[in-house]
1. Using a basic spin-label model with each label point 7 Å from the Cα along Cα→Cβ, how many nm lie between GLN37 and LEU10?
2. Contour minus end-to-end for LYS61 and TYR136, with contour as 0.36 nm per residue of separation and end-to-end as the Cα-Cα distance?
3. By a straight-distance test (C-alpha under 26 Å), which lysines pair with LYS119 as possible cross-link partners, with residues fewer than eight away in the same chain excluded?
4. Just order 29-35, 135-141 by mean Cβ neighbour count inside 10 Å, highest at the front, would you?
Amino acid sequence: MELYSGGIHLIVKKYLKFRKRIIRIIMNSSKNASCWQLFKELNILPIQSQYIFSILLSVIKNKDQFLYNSQIHKINTRQTYDLYVATANLAMYQKGVYYSGIKIYINLPTAIQDLSGDKNKFKLDLKRYLLHNSLYTLEEYFNT
């Protein structure tokens, strides 16, 4: 199993390098130029931003599958209408789509969360937000 997942990681790493190389060629940039601004200019989401985008669209599409804090406890807090994050000790569960989706959704700016009722506006504003920030890692997203 380890060998297989390591092989996948290597393939993804090569793909990411190849993708950046193509972007630099398209934009006629030097080999060492940062792709961060190039992605923005081409309106292309980096891989992690695409992941965040896909996860959040999935959360919105399946919002009825998630629990809210108000369904778990009756205490009126600022997070009453947030999605409920169950306590999880297993790393495998924490890395899963369900748990990750909730954590990513909760960290969205409130203005974008408020658009979740209108999927088209949500999708448009989310993409605009991700393009503007051009995030390379989930840590960047959570710190934004």
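What follows is calculated from the coordinates using simple rules that are stated; it is not laboratory data. It should be emphasised that the depicted structure is a prediction, and the values quoted were computed from it without experimental measurement. Glycine also receives a Cβ, built like all others from the backbone with ideal geometry; neighbour counts cover every protein chain displayed.
1. 3.6 nm
2. Contour length minus Cα-Cα distance gives 24.5 nm.
3. Excluding near neighbours in sequence, the set is LYS40, LYS61, LYS63, LYS95, LYS103, LYS127.
4. The peptides rank, most packed first, as 135-141, 29-35.
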